[in-house]
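The values are calculated or read from the model by the stated rules, or taken from the named source; none is laboratory data. Source: prediction; values computed, not measured. Cβ atoms come from the backbone with ideal geometry, glycine included; neighbour counts cover every protein chain shown.
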Amino acid sequence: MNFILKINKISLKAQRYIFFLFIIVFSIGIVEALILSPSDYKQSDSVRIMYVHVPSAWTSVGIFSVIAILSLGNLIFKNKYFLTIAKSLAPSGLIFNIIALVTGSIWGKPTWGTWWAWDARITSMLVLCIFYILYILSWRVFEHKENLSKVTSIISLLGLINLPIIKFSVEWWATLHQSASIKLTGSSIHSSMLLPLFIMTAAFVLFSILIFLMKYNTELIKIKNKGLDRI
């Protein structure tokens with residue numbers, strides 16, 4: 001239990017620093033996104049939704065990728081803390097997934113003329129949201145059962161199959177959603193818009209880390225109070 005107490009202390013300290021850093025980065029990002037960045041010549045000011053929508057989608061997909069990798073690591077190495085970390089990441093991933101879907105819907109109305117379309121990218125993001133919900137619910141349903149580890153790992157690994165579909169859906173199918181503007185070869189987004197986009201992404205990542213640390217700290221306290229050497 002000494003290990004748990006040490007991690008608990010470090011987590012509490014880290015939360016304060018990350019919260020302070022988040023406030024700074026988020027404040028800069030908001031000013032850049034709402035005031036300093038230009039409006040789009042076609043979409044006008046509605047393009048500013050991008051500064052919330054895109055970072056939310058990136059963060060959500062990134063978090064699920066980490067959850068799947070940790071779940072695979074648990075199956076291979078039988079490390080119980082991999083699952084604890086994965087469990088603690090899931091709530092923030094779901095939050096950002098929902099934000100991405102909602103802001104995408106809001107952005108879609110002035111851009112496409114509809115709140116929702118069964119577009120390949122949108123649908124695959126909705127599927128990701130379902131996997132997040134299934135993953136979180138499985139912790140409640142199978143919490144005290146021996147097959148908890150296998151069930152949660154299977155859900156996350158099945159969900160991992162959906163991630164390439166999210167990424168390449170705009171290239172594989174004819175969709176309403178625009179193709180990727182940022183690639184390894186470069187970006188079609190002007191630097192005046194790219195900078196606030198990256199700053200807001202950094203802010204969202206910091207916020208997700210903050211939520212993770214709070215949840216992880218709670219999970220460690222549960223383990224300590226139960227006096228168990230297992231999840």
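Some values worked out for this structure:
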| item | result |
| --- | --- |
| Failed criterion for ILE23 (all others in (1) modelled with pLDDT of 95 or more; (2) crowded, with 19+ Cβ neighbours inside 10 Å hold) | (2) |
| Condition check for ARG48: at pLDDT 90 or above, part of a helix (DSSP H, G or I), surrounded by fewer than 16 Cβ atoms within 10 Å (Cβ to Cβ) and of a type in the set (Lys, Arg) | no |
| SER149 surrounded by 12 or more Cβ atoms within 10 Å (Cβ to Cβ) and under 30 Å from PRO110 (Cα atoms) | no |
| Subset of the range 127-146 that is of a type in the set (A, V, I, L, M) and buried (at least 16 other Cβ atoms within 10 Å of the Cβ) - its residue that is nearest to the chain's Cα centre (by Cα) | LEU128 |
| Enumeration of residues in the range 92-107 that are of a type outside the set (A, V, I, L, M, F, W, C) and either closer than 14 Å to THR152 by Cβ or surrounded by 21 or more Cβ atoms within 10 Å (Cβ to Cβ) (or both) | SER92, GLY93, ASN97, GLY104 |
| Helices (runs of 4 or more DSSP H) enclosed by the range 69-172 - at least 1 residues per element that are charged (D, E, K, R) and under 19 Å from LYS215 (Cβ atoms) | 80-112, 120-141 |
| Residue in the range 188-219 that is nearest to the chain's Cα centre (by Cα), counting only those that are hydroxyl-bearing (Ser, Thr, Tyr) and within 14 Å of TRP58 (Cβ to Cβ) | SER208 |
| Test: LEU36 is surrounded by fewer than 20 Cβ atoms within 10 Å (Cβ to Cβ), of a type outside the set (Lys, Arg) and within 19 Å of SER192 (Cβ to Cβ) | yes |
| Residue, farthest from ILE67 (Cα to Cα), within the range 170-202, restricted to residues that are surrounded by 17 or more Cβ atoms within 10 Å (Cβ to Cβ) and modelled with pLDDT under 85 | THR175 |
